[in-house]
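The structure appears right after this line, and notes come after that.
The values are calculated or read from the model by the stated rules, or taken from the named source; none is laboratory data. Keep in mind it's a predicted model, so treat the numbers as computed, not measured. Here the Cβ positions follow ideal geometry from the backbone for every residue, glycine too, while neighbour counts run over all protein chains shown. The accessibility values were calculated without ligands, DNA or RNA, using every heavy atom of the protein model including side chains. Shrake-Rupley method; radii C 1.70, N 1.55, O 1.52, S 1.80 Å.
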Amino acid sequence: GEDVEQSLFLSVREGDSSVINCTYTDSSSTYLYWYKQEPGAGLQLLTYIFSNMDMKQDQRLTVLLNKKDKHLSLRIADTQTGDSAIYFCAEKGDYKLSFGAGTTVTVRA
Amino acid sequence: SAVISQKPSRDICQRGTSLTIQCQVDSQVTMMFWYRQQPGQSLTLIATANQGSEATYESGFVIDKFPISRPNLTFSTLTVSNMSPEDSSIYLCSVEGGQGYGYTFGSGTRLTVV
């Protein structure tokens, strides 16, 4: 079955790096995703990584995947106030996505 | 990636009534997904809608409560029937954007049942 876990809260100072961690259980996952949800808004796909990759970088975002430990992380460099949001990791199983509970990131000045 | 138009964006409904949510996609897609996000919670898949066949419901969700239509490859509706305050949630539709594009979500329907 699918079970995705994330820490619930992260507070970070503006300009620092944020690291959000996620663990999953489905070893057959093909893709893993990071979504961002701002207050009152829908889900925005931030980035994804294919299961045979270890790392993916996209501007300020770096995704690391440790498939052996089933651990996924998202690093946001130079965190800005606009990065305050809920971040969901999700894994793709056979046909559907399973989501973590979401990490609320608060950026303080 | 696909663009999804979802409406209504929000509604306040009386208990016992029904609300139909619409999703229009700008390209043809095989599967459309309907999710529920209860207040402060993560997303839970309600059902998968395929064109030309009955929707497939996840455990805990039934067709009588959440009937779904999928008349063509670009459109789907989800009805929340006989609503109660426990149905107050955000409902989102989603499609797979193709290999490597991830899943795209509609902007969501914020439903409040009073």
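Take the residues of the stretch A:24-33 that are in contact with a Gly (Cβ under 9 Å, 6 or more places away or on another chain) and either open to solvent by 10 Å² or more (accessible area, probe 1.4 Å) or outside any loop (DSSP other than H, G, I, E, B) (or both): which is farthest from the other protein chains (Cβ to nearest Cβ)? Across the stretch A:24-33, the extreme among qualifying residues is A:Ser28. One residue stands out in the stretch B:1-24 among those that are away from chain A (no Cβ under 14 Å) and closer than 15 Å to B:Gly108 by Cα: the one that is most open to solvent (accessible area, probe 1.4 Å), namely B:Ile12.
Looking across the stretch A:30-43, just one residue is touching a strand residue (DSSP E or B) at 6+ places or on another chain (Cβ under 7 Å) and without any contact (Cβ under 8 Å) to a residue 12 or more places away in the chain, and that is A:Gly42. Residues in the stretch A:12-23 that are of a type outside the set (A, V, I, L, M), away from chain B (no Cβ under 13 Å) and within 15 Å of the chain's Cα centre (by Cα): A:Ser17, A:Ser18, A:Asn21, A:Thr23.
Taking residues in the stretch B:59-83 that are open to solvent by 50 Å² or more (accessible area, probe 1.4 Å) and modelled with pLDDT of 95 or more, and partners anywhere that are charged (D, E, K, R) and in a loop (DSSP other than H, G, I, E, B), the pairs with Cβ atoms closer than 8 Å and at least 6 places apart or on different chains are B:Ile63/B:Glu54; B:Asn82/B:Lys65.
Of all residue pairs spaced 6 or more apart or on separate chains, those with beta-carbon atoms under 7 Å, a first member in the stretch A:14-29 that is under 24 Å from A:Gly93 (Cα atoms) and a second member that is aromatic (Phe, Trp, Tyr) are A:Ile20/A:Tyr87.
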